1. Within the bounds of the range 294-302, is there any residue that is modelled with pLDDT under 95, part of a helix (DSSP H, G or I), open to solvent by 10 Å² or more (accessible area, probe 1.4 Å) and on the phi < 0 side of the Ramachandran plot?
2. Of the conditions (1) over 45 Å from the mean Cα position of the chain (by Cα); (2) open to solvent by less than 90 Å² (accessible area, probe 1.4 Å), Phe646 fails just one. Which one is it?
3. Going by the conditions given, is Glu656 part of a loop (DSSP other than H, G, I, E, B), acidic (Asp, Glu) and either closer than 20 Å to Val291 by Cβ or modelled with pLDDT of 90 or more (or both)?
4. Does Leu98 qualify as being surrounded by fewer than 20 Cβ atoms within 10 Å (Cβ to Cβ), among the hydrophobic types (A, V, I, L, M, F, W, C), at pLDDT below 85 and more than 22 Å from Glu66 (Cβ to Cβ)?
5. Taking the range 389-405 as the search range and keeping residues that are without any contact (Cβ under 8 Å) to a residue 60 or more places away in the chain and not in a loop (DSSP other than H, G, I, E, B), which one is most open to solvent (accessible area, probe 1.4 Å)?
6. Looking at the range 150-171, I want the residues that are assigned to a loop (DSSP other than H, G, I, E, B) and have a partner that is of a type in the set (S, T, N, Q) with Cβ atoms under 8 Å, at least 6 apart or on another chain. Which pairs are those?
7. Consider the range 196-227. How many of its residues are under 18 Å from Asn294 (Cβ atoms) and aromatic (Phe, Trp, Tyr)?
8. Looking at Phe646, Phe683, which is the one that is over 30 Å from Leu114 (Cβ atoms) and among the aromatic types (Phe, Trp, Tyr)?
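The values are calculated or read from the model by the stated rules, or taken from the named source; none is laboratory data. Quick caveat: nothing in here was measured; it's all calculated off a predicted structure. Note: ideal-geometry Cβ built from the backbone for every residue, glycine included; neighbour counts use all protein chains shown. What goes into the accessible areas is simple: the full protein's heavy atoms, side chains included, and nothing from ligands, DNA or RNA. Shrake-Rupley method; radii C 1.70, N 1.55, O 1.52, S 1.80 Å.
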Amino acid sequence: MGANSSSISELPENEYLQKLSGSEPISENDPFWNQLLSFSFTTPTNSADLKLLEEATISVCKSLVEKNPRTGNLGSLIKVFLSRTKELKISAECQNHLFIWQAHNALFIICCLLKVFISRMSEEELQLHFTYEEKAGPSSYGAECEDLIEELLCCLIQLIVEIPLLDITYSISLEAVTTLIVFLSCQLFHKEILRESIIHRYLMHGRCLPYTSRLVKTLLYNFIRQERSPPPGAHVFQQQTDGGGLLYGIASGVATGLWTVFTLGGVGSKASAQLEQCSPLASQSLLLLLVLANLTDTPDTPNPYRQAIMSFKNTQDNTAFSSSNPHAFQINFNSLYTALCDQQKSDQATLLLYMLLHQNSNMRTYVLARTDIENLVLPILEILYHVEERNSHHVYMALIILLILTEDDGFNRSIHEVILKNITWYAERVLTEISLGSLLILVVIRTIQYNMTRTRDKYLHTNCLAALANMSAQFRSLHQYAAQRIISLFSLLSKKHNKVLEQATQSLRGSLGSNDSPLPDYHFWEMSDCLHFSETKLRHAQDLNVIEEVIRMMLEIINSCLTNSLHHNPNLVYALLYKRDLFEQFRTHPSFQDIMQNIDLVISFFSSRLEQAGAELSVERVLEIIKQGAVALPKDRLRKFPELKFKYVEEEQPEEFFIPYVWSLVYNSAVALYWNPRDIQLFTMDSG
């Protein structure tokens with residue numbers, strides 16, 4: 001930055017940075033700013049580069065933190081930036097590279113400084129650094145001075161929503177989004193959820209508020225468009241060939257000797273393979289959108305960014321907007337749907353999909369009406385299939401998305417009509433042809449089985465079973481492998497039940513001091529018996545209760561299919577008959593007797609018809625007999641049960657989950673942002 005700084009290691013000695021962080025106030029009109037901002041570099045593209053930069057400039061930042069209250073140089077730099085952004089739109093239209101370039105450099109320095117300031121001080125202290133006012137007497141902080149924080153925030157939002165996205169504006173647009181994330185990063189340094197914040201108040205009130213819907217819409221379109229960054233070096237401006245140097249507007253000329261190249265990896269260096277395949281602006285915009293959407297409501301104002309996300313409509317929707325929500329807008333749902341389908345490999349895209357399905361009824365209705373729903377569901381299933389490679393939050397979001405979708409009967413019917421060919425990522429068995437519905441069942445059952453052997457998370461079990469239960473009445477033409485896996489899961493649960501029961505019984509015998517005396521049926525154990533339990537033995541009883549809840553749910557799912565669509569599912573009846581012995585132990589079980597009546601009736605009915613047909617029947621012949629019997633089965637003999645329907649409801653205070661989750665995504669995924677892990681208070685490093 002400035003003369004003779006061609007490497008990061010030389011930055012601490014750079015005369016311009018030393019002057020910026022020195023003891024002398026610098027007027028916003030001083031030619032110094034032209035010299036400071038006349039540097040070219042390849043914008044850092046990863047946290048490692050930013051870590052190097054931060055370590056190299058930490059002495060400069062510390063000096064500025066110490067001396068800025070007396071010099072006000074941070075405020076002067078911000079005013080220089082604000083003055084240059086007023087002409088940015090015209091500069092973009094006129095291809096004024098130099099103007100945009102120096103504005104970008106100013107914002108880059110501001111962002112780097114803010115990140116250090118915010119990590120080292122409270123918001124109140126930060127506000128003091130913005131309120132310096134030069135007077136005739138000694139330096140002081142003036143209550144009447146203009147509010148630079150609000151002005152800068154508003155300017156950043158205007159920059160994002162108003163400046164056209166071109167090669168020459170890409171970097172400054174990305175820097176504006178990044179700086180807003182940095183402004184909000186104070187949450188990282190607090191264990192508790194911030195419910196009162198100066199920055200939040202600025203963004204949700206006052207001058208920033210009218211831009212709410214435009215900001216949300218622009219961030220969404222940045223995500224939709226997935227614009228790649230321009231080639232490295234495209235924004236680097238060399239001296240003119242006539243040797244006349246470059247002039248900045250009406251400011252003084254900048255001598256050729258002041259131009260320097262400050263690089264991280266070198267100007268024109270090849271971007272990483274990852275960045276060649278993604279859009280930094282799209283990724284950063286999505287993270288900012290998630291952060292804004294999860295700001296906590298204030299007592300007098302609900303979060304306007306969440307309101308905008310909840311209420312936007314399709315561009316083809318001509319119905320009037322509700323007057324109760326001033327932040328509603330329209331966006332192209334087809335483009336958004338396509339982007340969501342394409343980007344589900346990232347946690348943040350899955351989280352956005354969850355938010356839209358859960359909170360925006362217009363988007364949910366649109367998604368459920370799509371005739372190519374497999375384009376959305378398949379990436380979600382692939383997340384669940386590779387559960388061991390994903391973090392638990394990503395798996396939860398994918399599973400809840402399925403649960404929300406299965407609340408709709410139309411979805412549950414249509415997925416069995418979509419036939420898929422050659423699902424290459426499903427490795428357990430070659431699936432040359434299978435319905436989307438059967439594949440969904442296979443993946444959810446696999447997730448349950450993985451959870452039983454690894455994580456043992458009751459919450460995950462509950463949501464998996466709820467999704468299957470919602471679908472069960474609409475099961476159609478189940479693939480033979482899907483039918484087998486349903487019964488195989490029940491077999492696994494049955495074995496686990498027997499094992500837990502044996503452990504619980506042994507625990508009770510030990511507590512009562514006898515291995516020979518008869519015990520009452522464990523379903524009728526008295527509280528006095530349980531009082532003898534040690535903590536370990538009590539856990540056995542609790543495990544038994546959990547496994548029986550799961551078994552009950554599986555029986556209800558099988559029963560729901562048999563009572564509502566038996567004639568559509570001969571493969572399930574076949575699998576049920578093949579493993580009929582599994583169900584014997586539950587026929588007289590007090591927890592399952594009622595539900596077992598229907599299953600027992602179906603098994604008895606079809607077993608009788610198969611016996612009448614003779615021995616040594618082929619699979620084809622058995623299926624034919626089942627199809628014929630399904631018509632003859634007296635449906636009135638099947639007991640009616642309430643329809644299985646589960647609805648996803650967020651827990652109370654969802655921000656306790658979502659805010660740390662969103663910030664862990666920012667910490668791990670943000671483009672060219674680095675925070676010292678020792679400073680992070682909001683979450684532990686292994687929770688991201």
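1. no
2. (1)
3. On the way: part of a loop (DSSP other than H, G, I, E, B): no; acidic (Asp, Glu): yes; either closer than 20 Å to Val291 by Cβ or modelled with pLDDT of 90 or more (or both): yes.
So Glu656 fails the test.
4. Working: surrounded by fewer than 20 Cβ atoms within 10 Å (Cβ to Cβ): yes; among the hydrophobic types (A, V, I, L, M, F, W, C): yes; at pLDDT below 85: yes; more than 22 Å from Glu66 (Cβ to Cβ): yes.
The answer is yes for Leu98.
5. Keep residues of the range 389-405 that are without any contact (Cβ under 8 Å) to a residue 60 or more places away in the chain, which gives 389-390, 394, 397-398, 401, 405.
If we keep only those that are not in a loop (DSSP other than H, G, I, E, B) as well, we get 389, 394, 397-398, 401, 405.
Details: Glu389: 132, His394: 1, Met397: 2, Ala398: 0, Ile401: 1, Leu405: 3 Å².
Selected residue: Glu389.
6. Once the first residue is assigned to a loop (DSSP other than H, G, I, E, B) and sits in the range 150-171, its partners that are of a type in the set (S, T, N, Q) give Ile163/Thr169; Ile163/Ser173; Leu165/Ser173; Leu165/Asn222; Ile168/Gln95.
7. Summing the residues that are under 18 Å from Asn294 (Cβ atoms) and aromatic (Phe, Trp, Tyr) in the range 196-227 gives 2.
8. Working: Phe683 fails: over 30 Å from Leu114 (Cβ atoms).
Just a single option satisfies the conditions, and that option is Phe646.
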